[in-house]
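The values are calculated or read from the model by the stated rules, or taken from the named source; none is laboratory data. Keep in mind that this is a model prediction, so the values were computed, not measured. For neighbour counting, all protein chains shown are included, and Cβ atoms are generated from backbone atoms with ideal geometry for every residue, glycine included. Heavy atoms of the whole protein, side chains included, go into the accessibility calculation; ligands, DNA and RNA do not. Shrake-Rupley method; radii C 1.70, N 1.55, O 1.52, S 1.80 Å.
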Amino acid sequence: HSSTQNRKERNQRRQPRCLLIIFATAFCSSPGFCLENVLTMAPGSKANKKSTVDAAAWMFNVVTSVGIIIVNKALMATYGFSFATTLTGLHFATTTLMTLVLRCLGYIQPSHLPFTELLKFILFANFSIVGMNVSLMWNSVGFYQIAKLSMIPVACLLEVVFDKIRYSRDTKLSIGLVLVGVGVCTVTDVSVNTKGFVAAFVAVWSTALQQYYVHYLQRKYSLTSFNLLGHTAPAQAATLLIVGPFLDFWLTEKRVDMYDYNVVSLMFITLSCTIAIGTNLSQFICIGRFTAVSFQVLGHMKTILVLIMGFFFFDRDGLNLHVVIGMIIAVLGMIWYGNASSKPGGKEKKSYSLPTTRQQKNGDDSDEGPRLKA
């Protein structure tokens, strides 16, 4: 009884700090918090502006991703809302509303994405979401983390095969160092079973293909991040909101319509959906400006931050010397990767060009978002 009371007191003390981070993240996720504002404050040279916006894009993605993980952890662990697929459908529904409002206000220009390309993207993206949820359910946490780490080699393979990318020795070694560091941080117990392995295999390949396709579609059809979200978010919202309740019932044996909704849980659901707008947008911005491999490698900084934030807000026993050493190794690997991949020959592309469209020839830079009014 005393241990339960102490745990409640610790959670009460951490709640103000947790809410502060959540509200700050929600502010950064709002459409008004745009990278265009950062661009106008950047120094005059084009190179400096690009570096500033690149850094802002990464920060935007890290803040929103860490924020949504903290909110979802509180929502699921504390308030028992364990309907992950349905929640993701709500995320895309909220993102769809945002893109519709911006299109009505004239911030998003009309664009074209062939139905076949949209269908392939939706299949990859939805298999990624469903596969990850099922993999987490059927596998041990250790094997689940190993599966997530394997996305980097798969993403590298896709770039080598489809984009004819060649990596230098230092770039390859730096990626390996990141994998080792994150593995030391996160991988504990490892047990494998057949159905769990199949789920992890589907999740890894579909996620890597989805992230590769984000970069590919933005280049080929000159789509901005908002344009691409405007095409994909409605379809993902519709499919996940239809499939989600059934999949969640299969995984948890609980019905989403029978959940005991209250003011606090609804507030966390609303915050999760709000932050998801920034998470979805920042993912498309980062992959569009860089590549899926860079997004995966440097994105593991989010894993480290989640471990640190979890230590402060949830479990003080989760951070030990073993985890700290893994964090240091991973950060050194990320720094090495950034330096190695930016050098001449660090990450080269053979003579290869994608087929261009008339829209691409006459279009503007696809990396920039919409010009939001002040």
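Determine if region 324-343 includes at least one residue that is surrounded by 13 or more Cβ atoms within 10 Å (Cβ to Cβ), closer than 28 Å to ASN126 by Cα, at pLDDT 70 or above and among the hydroxyl-bearing types (Ser, Thr, Tyr). For region 324-343, residues surrounded by 13 or more Cβ atoms within 10 Å (Cβ to Cβ), closer than 28 Å to ASN126 by Cα, at pLDDT 70 or above and among the hydroxyl-bearing types (Ser, Thr, Tyr): absent.
Out of everything in region 189-225 that is farther than 27 Å from GLN145 by Cβ and part of a helix (DSSP H, G or I), what residue ends up being modelled with the lowest pLDDT?
Let us first name the residues in region 189-225 that are farther than 27 Å from GLN145 by Cβ, namely 216-225.
Applying the additional criterion that residues be part of a helix (DSSP H, G or I) yields 216-220, 225.
Details: TYR216: 92, LEU217: 93, GLN218: 92, ARG219: 91, LYS220: 92, SER225: 88.
Looking at the filtered set, the residue picked out is SER225.
Among the residues of region 128-145, the ones that are within 11 Å of GLY196 (Cβ to Cβ) and at pLDDT below 85 come to 6 in all.
Is at least one residue of region 147-158 of a type outside the set (Phe, Trp, Tyr), more than 21 Å from CYS185 (Cβ to Cβ) and open to solvent by 30 Å² or more (accessible area, probe 1.4 Å)? Checked region 147-158: at least one residue is of a type outside the set (Phe, Trp, Tyr), more than 21 Å from CYS185 (Cβ to Cβ) and open to solvent by 30 Å² or more (accessible area, probe 1.4 Å).
Here is a yes/no grid of residues against (1) under 18 Å from the mean Cα position of the chain (by Cα); (2) more than 25 Å from PHE127 (Cα to Cα); (3) polar (S, T, N, Q):
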{"position": "LYS50", "(1), (2), (3)": "no, yes, no"}
{"position": "ASP54", "(1), (2), (3)": "yes, yes, no"}
{"position": "MET59", "(1), (2), (3)": "yes, yes, no"}
{"position": "VAL66", "(1), (2), (3)": "yes, no, no"}
{"position": "LYS73", "(1), (2), (3)": "yes, no, no"}
{"position": "PHE83", "(1), (2), (3)": "no, no, no"}
{"position": "THR94", "(1), (2), (3)": "yes, no, yes"}
{"position": "THR99", "(1), (2), (3)": "no, no, yes"}
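In this structure, does ARG255 turn out to be at pLDDT 85 or above and open to solvent by 40 Å² or more (accessible area, probe 1.4 Å)? In short, yes. Within the option set ILE175, ILE242, being over 17 Å from the mean Cα position of the chain (by Cα), modelled with pLDDT of 90 or more and not in a loop (DSSP other than H, G, I, E, B) holds for one residue only, ILE242. Checking ILE277 against (1) open to solvent by 30 Å² or more (accessible area, probe 1.4 Å); (2) modelled with pLDDT under 95; (3) at negative phi, only one condition comes out false. Which one? Condition (1) is where ILE277 drops out. Among the residues of region 286-303, how many are of a type in the set (A, V, I, L, M) and either in contact with a Cys (Cβ under 7 Å, 6 or more places away or on another chain) or open to solvent by 20 Å² or more (accessible area, probe 1.4 Å) (or both)? Going through region 286-303 one residue at a time, the tally reaches 3.
Since PHE81 meets every condition but one in (1) buried (at least 21 other Cβ atoms within 10 Å of the Cβ); (2) part of a helix (DSSP H, G or I), which condition does it not meet? In the conditions (1) buried (at least 21 other Cβ atoms within 10 Å of the Cβ); (2) part of a helix (DSSP H, G or I), PHE81 misses (2) alone.
If you take the residues of region 245-259 that are among the aromatic types (Phe, Trp, Tyr) and assigned to a helix (DSSP H, G or I), which of them is farthest from ALA77 (Cα to Cα)? Steps first, please.
Pass one, region 245-259, residues among the aromatic types (Phe, Trp, Tyr): 246, 249-250, 259.
Next, from what is left, pick out any that are assigned to a helix (DSSP H, G or I): 246, 249-250.
On the way: PHE246: 21, PHE249: 17, TRP250: 19 Å.
For region 245-259, the residue satisfying everything is PHE246.
Among the residues of region 66-76, are any at pLDDT below 95, surrounded by fewer than 17 Cβ atoms within 10 Å (Cβ to Cβ) and outside any helix (DSSP H, G or I)?
Residues of region 66-76 at pLDDT below 95: 66-76.
Add one more test, that the residue is surrounded by fewer than 17 Cβ atoms within 10 Å (Cβ to Cβ), and what stays is 73, 76.
Next, from what is left, pick out any that are outside any helix (DSSP H, G or I): none.
Checking region 66-76: not a single residue is at pLDDT below 95, surrounded by fewer than 17 Cβ atoms within 10 Å (Cβ to Cβ) and outside any helix (DSSP H, G or I).
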